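The values are calculated or read from the model by the stated rules, or taken from the named source; none is laboratory data. Computed from a prediction, not measured in an experiment: that's the story for all the values here. Cβ atoms come from the backbone with ideal geometry, glycine included; neighbour counts cover every protein chain shown. Just so you know, the surface numbers come from the protein's heavy atoms only, side chains and all, with ligands and any DNA or RNA stripped out. Shrake-Rupley method; radii C 1.70, N 1.55, O 1.52, S 1.80 Å.
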Amino acid sequence: MELRQLRYFVRIVELGSMGRAAVDLDMVQSALSQQISRLESELSTRLLQRTAKGAVPTEAGLAFFREAQLALRHADQAARAAAQARLTGSVSVGLSPTTASVLGVPLMRAMHERYPDVRLHMVGSLSGHLSNMLNARQLDLAVLFDTQPARRWSVLPLLEERLFLIRSAQRGVRKPALRRKVALAQLGDEPLILPTGPHGLRSRLDTAFAQARVTPRLAMEIDSLALLMDAVDMGLGSTIQPWAAVGRYADAGERFVMAEISDAPAFRPAALCSLSDDELSPAALAARVVLGDCVRELVQSGHWVGAKLTSAV
(Lines give C-alpha, C1' and ligand atoms only; values in the text may rest on other atoms or scores of the structure.)
Protein backbone atom coordinates (compact mmCIF):
# COMPACT_ATOMS: atom_id res chain seq x y z
CA MET A 1 0.00 0.00 0.00
CA GLU A 2 1.35 3.41 -0.99
CA LEU A 3 0.47 6.93 0.14
CA ARG A 4 -0.36 7.92 -3.42
CA GLN A 5 -3.01 5.17 -3.55
CA LEU A 6 -4.59 6.59 -0.41
CA ARG A 7 -4.59 10.05 -1.98
CA TYR A 8 -6.19 8.71 -5.16
CA PHE A 9 -8.91 6.89 -3.24
CA VAL A 10 -9.70 9.84 -0.98
CA ARG A 11 -9.98 12.18 -3.96
CA ILE A 12 -12.35 9.84 -5.77
CA VAL A 13 -14.64 9.67 -2.74
CA GLU A 14 -14.47 13.45 -2.25
CA LEU A 15 -15.39 14.16 -5.90
CA GLY A 16 -17.75 11.22 -6.30
CA SER A 17 -16.41 10.30 -9.71
CA MET A 18 -13.46 8.41 -11.12
CA GLY A 19 -13.39 10.68 -14.16
CA ARG A 20 -13.46 13.93 -12.20
CA ALA A 21 -10.75 12.63 -9.87
CA ALA A 22 -8.57 11.66 -12.84
CA VAL A 23 -8.85 15.19 -14.23
CA ASP A 24 -8.11 16.72 -10.83
CA LEU A 25 -5.09 14.45 -10.34
CA ASP A 26 -3.90 14.99 -13.94
CA MET A 27 -4.04 11.26 -14.64
CA VAL A 28 -5.48 9.00 -17.28
CA GLN A 29 -8.67 7.45 -15.92
CA SER A 30 -7.57 3.92 -16.79
CA ALA A 31 -4.35 4.38 -14.80
CA LEU A 32 -6.32 5.70 -11.81
CA SER A 33 -8.75 2.78 -12.00
CA GLN A 34 -5.83 0.35 -12.11
CA GLN A 35 -4.35 1.85 -8.93
CA ILE A 36 -7.65 1.48 -7.09
CA SER A 37 -8.00 -2.12 -8.30
CA ARG A 38 -4.54 -2.90 -6.90
CA LEU A 39 -5.51 -1.33 -3.59
CA GLU A 40 -8.71 -3.37 -3.42
CA SER A 41 -6.80 -6.53 -4.27
CA GLU A 42 -4.29 -5.89 -1.51
CA LEU A 43 -7.09 -5.30 1.00
CA SER A 44 -9.14 -8.19 -0.40
CA THR A 45 -12.29 -6.11 -0.30
CA ARG A 46 -14.33 -3.85 -2.55
CA LEU A 47 -13.89 -0.16 -1.67
CA LEU A 48 -15.87 1.57 -4.42
CA GLN A 49 -19.16 0.82 -6.07
CA ARG A 50 -19.18 1.96 -9.69
CA THR A 51 -22.53 3.37 -10.80
CA ALA A 52 -23.83 5.21 -13.82
CA LYS A 53 -23.57 8.47 -11.87
CA GLY A 54 -20.04 7.93 -10.59
CA ALA A 55 -18.35 6.05 -7.77
CA VAL A 56 -19.55 5.73 -4.18
CA PRO A 57 -17.75 4.04 -1.30
CA THR A 58 -18.94 0.69 -0.02
CA GLU A 59 -19.36 0.19 3.72
CA ALA A 60 -15.76 -1.04 3.87
CA GLY A 61 -14.73 1.84 1.63
CA LEU A 62 -16.34 4.39 3.92
CA ALA A 63 -14.48 3.00 6.92
CA PHE A 64 -11.26 2.96 4.92
CA PHE A 65 -11.91 6.54 3.73
CA ARG A 66 -11.95 7.90 7.30
CA GLU A 67 -8.72 6.13 8.24
CA ALA A 68 -7.07 7.11 4.95
CA GLN A 69 -7.85 10.78 5.61
CA LEU A 70 -6.26 10.48 9.04
CA ALA A 71 -3.17 8.73 7.62
CA LEU A 72 -2.72 11.42 4.98
CA ARG A 73 -2.98 14.18 7.61
CA HIS A 74 -0.31 12.43 9.66
CA ALA A 75 1.90 12.07 6.58
CA ASP A 76 1.52 15.78 5.80
CA GLN A 77 2.39 16.66 9.39
CA ALA A 78 5.50 14.46 9.19
CA ALA A 79 6.57 16.23 5.98
CA ARG A 80 6.10 19.64 7.58
CA ALA A 81 8.10 18.56 10.64
CA ALA A 82 10.94 17.41 8.41
CA ALA A 83 10.89 20.70 6.50
CA GLN A 84 10.99 22.69 9.73
CA ALA A 85 14.00 20.70 10.99
CA ARG A 86 16.29 22.61 8.64
CA LEU A 87 19.82 21.56 7.88
CA THR A 88 22.33 23.37 10.10
CA GLY A 89 26.07 23.48 10.46
CA SER A 90 28.88 25.15 8.55
CA VAL A 91 30.81 24.57 5.35
CA SER A 92 33.96 26.20 3.95
CA VAL A 93 34.34 26.63 0.19
CA GLY A 94 37.46 27.79 -1.66
CA LEU A 95 37.31 29.53 -5.04
CA SER A 96 40.03 31.08 -7.17
CA PRO A 97 39.55 34.79 -7.97
CA THR A 98 38.43 34.12 -11.55
CA THR A 99 35.99 31.40 -10.52
CA ALA A 100 34.67 33.53 -7.67
CA SER A 101 33.92 36.41 -10.04
CA VAL A 102 31.35 34.24 -11.84
CA LEU A 103 30.32 31.59 -9.31
CA GLY A 104 30.68 33.35 -5.96
CA VAL A 105 27.47 35.39 -5.83
CA PRO A 106 25.19 32.73 -7.39
CA LEU A 107 26.55 30.13 -4.94
CA MET A 108 26.00 32.37 -1.92
CA ARG A 109 22.48 33.22 -3.09
CA ALA A 110 21.58 29.56 -3.74
CA MET A 111 22.90 28.40 -0.37
CA HIS A 112 20.99 31.18 1.40
CA GLU A 113 17.76 30.20 -0.37
CA ARG A 114 18.07 26.43 0.07
CA TYR A 115 19.85 26.17 3.42
CA PRO A 116 19.43 29.45 5.30
CA ASP A 117 20.65 27.93 8.58
CA VAL A 118 23.96 26.68 7.16
CA ARG A 119 26.86 29.05 7.84
CA LEU A 120 28.88 29.48 4.66
CA HIS A 121 32.58 30.34 4.86
CA MET A 122 33.95 31.52 1.50
CA VAL A 123 37.70 31.66 0.82
CA GLY A 124 39.17 33.34 -2.26
CA SER A 125 42.77 32.44 -3.11
CA LEU A 126 45.04 31.03 -5.80
CA SER A 127 44.48 27.43 -6.79
CA GLY A 128 47.76 26.22 -5.28
CA HIS A 129 46.95 27.81 -1.93
CA LEU A 130 43.48 26.28 -1.96
CA SER A 131 45.03 22.85 -2.60
CA ASN A 132 47.20 23.26 0.49
CA MET A 133 44.22 24.38 2.57
CA LEU A 134 42.19 21.39 1.43
CA ASN A 135 45.02 19.02 2.32
CA ALA A 136 45.26 20.69 5.73
CA ARG A 137 41.48 20.24 6.15
CA GLN A 138 40.99 23.98 6.40
CA LEU A 139 38.44 23.72 3.58
CA ASP A 140 35.61 21.28 2.91
CA LEU A 141 35.29 22.03 -0.82
CA ALA A 142 37.33 23.87 -3.44
CA VAL A 143 37.17 24.43 -7.19
CA LEU A 144 40.69 23.63 -8.42
CA PHE A 145 42.55 23.51 -11.71
CA ASP A 146 45.32 21.15 -10.62
CA THR A 147 44.11 17.92 -9.03
CA GLN A 148 47.50 16.19 -8.84
CA PRO A 149 47.67 16.49 -5.03
CA ALA A 150 44.33 14.65 -4.82
CA ARG A 151 45.54 11.81 -2.62
CA ARG A 152 42.49 11.63 -0.39
CA TRP A 153 40.13 13.93 -2.20
CA SER A 154 36.84 13.32 -3.90
CA VAL A 155 37.21 14.86 -7.37
CA LEU A 156 34.28 15.77 -9.64
CA PRO A 157 35.18 17.31 -13.02
CA LEU A 158 33.10 20.45 -13.52
CA LEU A 159 33.96 22.29 -16.72
CA GLU A 160 36.58 23.40 -19.20
CA GLU A 161 37.18 27.10 -19.81
CA ARG A 162 38.55 28.43 -23.08
CA LEU A 163 41.41 30.91 -22.70
CA PHE A 164 41.49 34.37 -24.27
CA LEU A 165 44.15 36.94 -25.06
CA ILE A 166 42.87 40.07 -23.30
CA ARG A 167 44.07 43.61 -24.10
CA SER A 168 43.06 47.06 -23.01
CA ALA A 169 40.58 48.80 -25.28
CA GLN A 170 41.93 52.27 -24.41
CA ARG A 171 42.42 54.50 -27.41
CA GLY A 172 45.99 55.31 -26.41
CA VAL A 173 46.99 51.64 -26.49
CA ARG A 174 48.07 51.10 -30.09
CA LYS A 175 47.99 47.48 -31.12
CA PRO A 176 47.07 45.67 -34.31
CA ALA A 177 43.40 44.75 -34.41
CA LEU A 178 42.68 41.37 -32.87
CA ARG A 179 41.05 38.64 -34.85
CA ARG A 180 38.39 36.44 -33.31
CA LYS A 181 40.98 33.75 -32.62
CA VAL A 182 44.74 33.83 -32.21
CA ALA A 183 47.39 31.10 -31.96
CA LEU A 184 50.06 31.04 -29.28
CA ALA A 185 52.70 31.04 -32.03
CA GLN A 186 51.55 34.58 -32.89
CA LEU A 187 52.20 35.91 -29.36
CA GLY A 188 55.99 35.82 -29.23
CA ASP A 189 56.20 39.64 -29.19
CA GLU A 190 53.12 40.22 -27.03
CA PRO A 191 54.01 41.77 -23.62
CA LEU A 192 52.17 39.50 -21.22
CA ILE A 193 51.10 39.97 -17.62
CA LEU A 194 50.69 36.55 -16.02
CA PRO A 195 50.44 35.01 -12.57
CA THR A 196 53.36 33.06 -11.13
CA GLY A 197 53.53 29.65 -9.51
CA PRO A 198 53.79 26.00 -10.50
CA HIS A 199 50.06 25.37 -10.16
CA GLY A 200 46.92 26.43 -11.98
CA LEU A 201 46.85 28.69 -15.02
CA ARG A 202 50.55 29.55 -15.27
CA SER A 203 51.58 25.89 -15.33
CA ARG A 204 49.12 25.16 -18.13
CA LEU A 205 50.23 28.20 -20.12
CA ASP A 206 53.90 27.30 -19.78
CA THR A 207 53.11 23.84 -21.14
CA ALA A 208 51.06 25.29 -24.00
CA PHE A 209 53.79 27.76 -24.99
CA ALA A 210 56.40 25.00 -24.88
CA GLN A 211 54.28 22.84 -27.19
CA ALA A 212 53.90 25.82 -29.53
CA ARG A 213 57.69 26.39 -29.35
CA VAL A 214 57.22 29.99 -28.28
CA THR A 215 59.03 31.84 -25.49
CA PRO A 216 56.51 34.26 -24.00
CA ARG A 217 57.56 37.86 -23.43
CA LEU A 218 56.75 38.57 -19.78
CA ALA A 219 56.07 42.21 -18.96
CA MET A 220 54.93 41.57 -15.37
CA GLU A 221 54.04 38.74 -13.02
CA ILE A 222 51.13 39.52 -10.70
CA ASP A 223 49.44 37.09 -8.32
CA SER A 224 46.39 39.26 -7.66
CA LEU A 225 43.65 39.07 -10.27
CA ALA A 226 42.38 42.56 -9.43
CA LEU A 227 45.83 44.11 -9.80
CA LEU A 228 46.59 42.06 -12.89
CA MET A 229 43.43 43.22 -14.64
CA ASP A 230 44.07 46.82 -13.52
CA ALA A 231 47.48 46.62 -15.20
CA VAL A 232 45.90 45.27 -18.38
CA ASP A 233 43.20 47.93 -18.24
CA MET A 234 45.90 50.63 -18.08
CA GLY A 235 47.56 49.19 -21.17
CA LEU A 236 50.70 47.95 -19.40
CA GLY A 237 50.46 44.62 -21.16
CA SER A 238 48.07 41.88 -22.23
CA THR A 239 47.10 38.72 -20.37
CA ILE A 240 45.83 35.24 -21.11
CA GLN A 241 42.89 34.32 -18.92
CA PRO A 242 39.49 32.69 -19.11
CA TRP A 243 36.52 34.99 -19.76
CA ALA A 244 35.77 34.90 -16.03
CA ALA A 245 38.67 37.32 -15.47
CA VAL A 246 36.54 40.12 -16.98
CA GLY A 247 33.22 38.76 -15.73
CA ARG A 248 33.12 41.21 -12.82
CA TYR A 249 33.26 44.24 -15.16
CA ALA A 250 29.85 45.46 -16.26
CA ASP A 251 31.54 47.38 -19.09
CA ALA A 252 34.00 44.63 -20.06
CA GLY A 253 33.13 45.06 -23.74
CA GLU A 254 34.26 48.70 -23.59
CA ARG A 255 37.32 48.17 -21.38
CA PHE A 256 38.87 45.16 -23.09
CA VAL A 257 39.30 43.45 -26.44
CA MET A 258 39.57 39.68 -26.50
CA ALA A 259 40.60 36.90 -28.87
CA GLU A 260 40.14 33.22 -28.19
CA ILE A 261 43.33 31.14 -28.04
CA SER A 262 42.95 28.61 -30.84
CA ASP A 263 45.61 26.08 -29.85
CA ALA A 264 44.18 22.77 -28.64
CA PRO A 265 45.87 22.69 -25.19
CA ALA A 266 44.91 26.27 -24.38
CA PHE A 267 42.01 25.61 -22.08
CA ARG A 268 41.67 25.26 -18.34
CA PRO A 269 39.83 22.34 -16.71
CA ALA A 270 38.18 22.92 -13.36
CA ALA A 271 37.17 20.25 -10.84
CA LEU A 272 35.18 20.31 -7.64
CA CYS A 273 37.46 18.78 -5.01
CA SER A 274 36.43 17.90 -1.49
CA LEU A 275 37.41 15.84 1.46
CA SER A 276 36.28 12.22 1.24
CA ASP A 277 32.55 11.69 1.68
CA ASP A 278 32.94 10.12 5.13
CA GLU A 279 34.75 13.27 6.33
CA LEU A 280 32.14 15.72 5.05
CA SER A 281 29.31 16.96 7.22
CA PRO A 282 25.71 16.91 5.93
CA ALA A 283 26.02 20.67 5.35
CA ALA A 284 29.14 20.17 3.22
CA LEU A 285 27.52 17.36 1.23
CA ALA A 286 24.55 19.62 0.54
CA ALA A 287 26.81 22.52 -0.47
CA ARG A 288 28.65 20.27 -2.94
CA VAL A 289 25.37 19.51 -4.69
CA VAL A 290 24.35 23.19 -4.72
CA LEU A 291 27.72 24.22 -6.19
CA GLY A 292 27.39 21.70 -9.00
CA ASP A 293 23.86 22.91 -9.72
CA CYS A 294 25.04 26.53 -9.87
CA VAL A 295 27.85 25.69 -12.31
CA ARG A 296 25.45 23.79 -14.56
CA GLU A 297 22.93 26.63 -14.58
CA LEU A 298 25.56 29.30 -15.30
CA VAL A 299 27.05 27.39 -18.23
CA GLN A 300 23.76 26.26 -19.76
CA SER A 301 22.28 29.76 -19.51
CA GLY A 302 25.29 31.29 -21.26
CA HIS A 303 26.35 33.37 -18.25
CA TRP A 304 29.72 31.60 -18.07
CA VAL A 305 31.20 32.55 -21.45
CA GLY A 306 33.73 30.16 -22.97
CA ALA A 307 32.92 27.37 -20.51
CA LYS A 308 31.84 23.84 -21.42
CA LEU A 309 30.43 21.34 -18.94
CA THR A 310 32.15 18.01 -18.53
CA SER A 311 30.15 14.81 -18.77
CA ALA A 312 30.29 14.32 -14.98
CA VAL A 313 28.19 17.43 -14.20
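Quick check, is residue 241 polar (S, T, N, Q) and more than 15 Å from residue 192 (Cβ to Cβ)?
On the way: polar (S, T, N, Q): yes; more than 15 Å from residue 192 (Cβ to Cβ): no.
Criteria not met by residue 241.
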Q. Just a yes or no: is a residue in region 222-229 under 30 Å from residue 133 (Cβ atoms), among the hydroxyl-bearing types (Ser, Thr, Tyr) and surrounded by fewer than 21 Cβ atoms within 10 Å (Cβ to Cβ)?
A. yes
Q. Can you name every residue in region 109-122 that is aliphatic (A, V, I, L, M) and surrounded by fewer than 16 Cβ atoms within 10 Å (Cβ to Cβ)?
A. 122
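Suppose we filter 284, 210 for residues that are in a helix (DSSP H, G or I), more than 19 Å from residue 98 (Cα to Cα) and open to solvent by less than 10 Å² (accessible area, probe 1.4 Å); which single one remains? Walk me through how you get there before you give the answer.
Details: 210 fails: open to solvent by less than 10 Å² (accessible area, probe 1.4 Å).
So the residue among 284, 210 that is in a helix (DSSP H, G or I), more than 19 Å from residue 98 (Cα to Cα) and open to solvent by less than 10 Å² (accessible area, probe 1.4 Å) is 284.
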(Q) Which condition from (1) of a type in the set (Gly, Ala, Ser); (2) within 13 Å of residue 166 (Cβ to Cβ); (3) in a helix (DSSP H, G or I); (4) at pLDDT 90 or above is the one that residue 259 breaks? (A) (3)
(Q) Being in the same structural domain as residue 137 (by the TED database) and either modelled with pLDDT under 90 or surrounded by 12 or more Cβ atoms within 10 Å (Cβ to Cβ) (or both) is the requirement here; does residue 99 meet it? (A) yes
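Quickly run through region 266-278 and pick out the residues that are touching a residue at least 60 places away in the same chain (Cβ under 8 Å) and either closer than 21 Å to residue 103 by Cα or out of contact with any Leu (no Cβ under 9 Å at 6 or more places or on another chain) (or both).
We begin by selecting, within region 266-278, every residue touching a residue at least 60 places away in the same chain (Cβ under 8 Å); these are 266-277.
Hits for region 266-278 are 267, 268, 269, 270, 271, 272, 273, 274, 275, 276.
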Q) Does any residue in region 288-310 that is touching a residue at least 24 places away in the same chain (Cβ under 8 Å) and of a type in the set (S, T, N, Q) come within less than 7 Å, Cβ to Cβ, of a residue that is open to solvent by 40 Å² or more (accessible area, probe 1.4 Å) and not in a helix (DSSP H, G or I) six or more places away or on a different chain, and which pairs are these? A) 310/157; 310/160
**Q.** Filter result (in a helix (DSSP H, G or I) and open to solvent by less than 60 Å² (accessible area, probe 1.4 Å)) within region 287-310
**A.** 287, 288, 290, 291, 292, 293, 294, 295, 298, 299
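Among 114, 11, which is touching an Asp or Glu at 6+ places or on another chain (Cβ under 7 Å) and basic (Lys, Arg)?
Going through 114, 11 in turn, the sole match is 11.
Within region 213-248, how many residues turn out to be assigned to a loop (DSSP other than H, G, I, E, B) and modelled with pLDDT of 85 or more?
The number of residues fulfilling the criteria is 11.
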Q | Those residues of region 36-70 which are surrounded by 16 or more Cβ atoms within 10 Å (Cβ to Cβ) and assigned to a helix (DSSP H, G or I), in sequence order | A | 36, 39, 40, 61, 64, 65, 68
